[in-house]
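Below is one structure, written out as structure tokens, with a few remarks after it.
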Amino acid sequence: MSGLMIYFAHVSLTNSNLKGYMVMKKKYIILISSVLVVTLGIISVYLLSQPAVLGNMSSEYSEQVTTTSDISFAGEAGNRIKFVFESDVISGNLDMTLYDSDGNVVYTLDHAKELVTYLTLEQSDTYTLVAKCDNFVGAYKIFVYLDKENTPTASS
């Protein structure tokens, strides 16, 4: 009889340990799931708030050159466009100008070594950013973004 009681006590203790283990396992699963959901939420907000790249250009010239380069992108009325520009003009001129599809000047970027500037488009159109180098020696790069965070949506 005492052997049987020891067996039942052992089974009872084992079942108790098993229940405790299962409770801890559920807690860990809930904790890990919560961390994953929060992490995915943070990543989603980060990705949705990042500006969309509309285009970019870069060139470097060690000898004098007169040339133009351009990129085009479609824009909607009300879109807020972000320009991120860097240049190292050793000599000559570098002009960055945004044109609409009719060839009208929409915006001219200031001459600067580094520049971040914004423009809100007044009309839906295809826009072309032209880099005009005149007897230019140096380097430049420019990125054009749609600033999604500060652009009104159709539901706004």
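Read the figures in this text as sums done on the coordinates, not as results from a lab. Everything numeric here is computed off the predicted structure, so don't read it as measured data. With ideal geometry, Cβ positions are generated from the backbone for all residues, glycine too; neighbour counts draw on all protein chains shown.
Using the Kirkwood radius built from alpha carbon pairs, what does the Stokes-Einstein equation give as D for the stretch 48-156 at 25 °C and 0.890 mPa s, in µm² per second?
Stokes-Einstein gives a translational diffusion coefficient of 170 µm²/s.
Cross-link reach is defined here as a Cα-Cα straight distance under 26 Å, omitting same-chain residues fewer than 8 places apart; for Lys141 the lysines meeting it are Lys82, Lys113, Lys132.
Using all pairs of distinct alpha-carbon atoms, the Kirkwood hydrodynamic radius of the stretch 92-141 works out to 12.1 angstrom. Listed peptides 27-39, 85-97, 52-64, 128-140 appear in the order 128-140, 85-97, 52-64, 27-39 once ranked by packing, highest mean of other Cβ atoms within 10 Å at the front.
Cross-link partners of Lys26 among lysines, defined as those whose alpha carbon lies under 23 angstrom from its own and excluding same-chain residues fewer than eight positions apart, are absent.
Taking each residue as 0.36 nm, the span from Leu115 to Ala52 lengthens on full extension beyond its C-alpha to C-alpha distance by 20.8 nm.
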